[in-house]
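The block underneath contains the structure these notes are about, expressed in structure tokens.
Here, each number is a calculation from the coordinates, and none is a lab measurement. What you are looking at is a predicted structure, and each value in this text was computed from that prediction instead of being measured. Here the Cβ positions follow ideal geometry from the backbone for every residue, glycine too, while neighbour counts run over all protein chains shown.
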Amino acid sequence: MPRGDRNTVTWGCAPQSHSIVRHALPYSTDRNMSPSFNLPRLDPVKHRWTISPIDKSARRLAIGTEQWVGIKHENAKGQYDNYLSTTLMLSSPVLSLEDLHRYVVSALIHLRYQHPEIAATAVWEEDKPTPPTIVYTPPSVLEAQVWAANAVSLCRCSLDGHTLRTKQERLRTSKPQHAPSVTILLSADVESSRTPMPQNTRVVMLCRFNHIFWDAMSSRQCVGDLLRQLGISWSKTEDPAEAASVYC
């Protein structure tokens, strides 16, 4: 139990416990008891997954950190987004930027079934400051392809990952809108996205993660899994339809 005066609360019974200053959190005092915080009661039923009988979607109310990084207006501005930039150097002289896009889309489809949160969405009630509801809907073959293709975009420019991230952040701030769980930007300094890129061309892969679904560790794990799957899809020249048909 915490103990201490009105402004300082000492936690734990360890020999070297730490003092944490608290001003905004309300707690009650009693002459015969240590101060105790008046925290709202948690109802586990509200946060359990439920399955819709109509579209088989799974949904639950956000909980814990998901709630404060899921504040509606702040999340729409990208306040808590994670960005990871990776540079790919191509050894194949016959690969175009659109070819790479196709293989990343195929790899992303595989990852959807390994990391379902990659395709989850957050839904807020209109004009109410309530926590979001986390929703995941199993896709058809076509829906999986459309989702992955929309998540990956192309850019023909010479900008590095840091500059691309800054531009995306400014755009999110100026035109707030709720972003998907993950988006991927592939960028290379080429004249055409359809012609083969010269050998040793550097391609920037900038991944943006919505913090409702991802923290720093899980987003790094996801990028690693994506790169490994990209190598497999590339070696098999796998089409997105082939990737989706494995699971649907």
List, in the order given, every pair from 46/77; 46/128; 72/128 whose Cα-Cα distance in the structure shown is over 21 Å.
46/77
For residue 56, go through the aspartates and glutamates and keep the ones whose alpha-carbon is under 12 Å away, minus same-chain ones fewer than eight residues off.
none
Going highest first, how would you order 200-207, 240-247, 101-108 by mean Cβ packing within 10 Å?
101-108, 200-207, 240-247
For the stretch 134-149, Karplus-derived ³J(HN,Hα) couplings (6.51, -1.76, 1.60; θ = phi - 60°; whole Hz; x for glycine and proline) come out as 8, 10, 10, 10, x, x, 7, 4, 5, 4, 5, 5, 5, 4, 5, 5
Length gained, residue 159-residue 63, 0.36 nm per residue minus C-alpha separation, equals 30.8 nm
Ranked from highest to lowest mean number of other Cβ atoms within 10 Å per residue, what is the order of the peptides 113-123, 44-54?
113-123, 44-54
Which whole-number percent of Cα pairs in the stretch 56-245 have a distance greater than 21 Å?
52
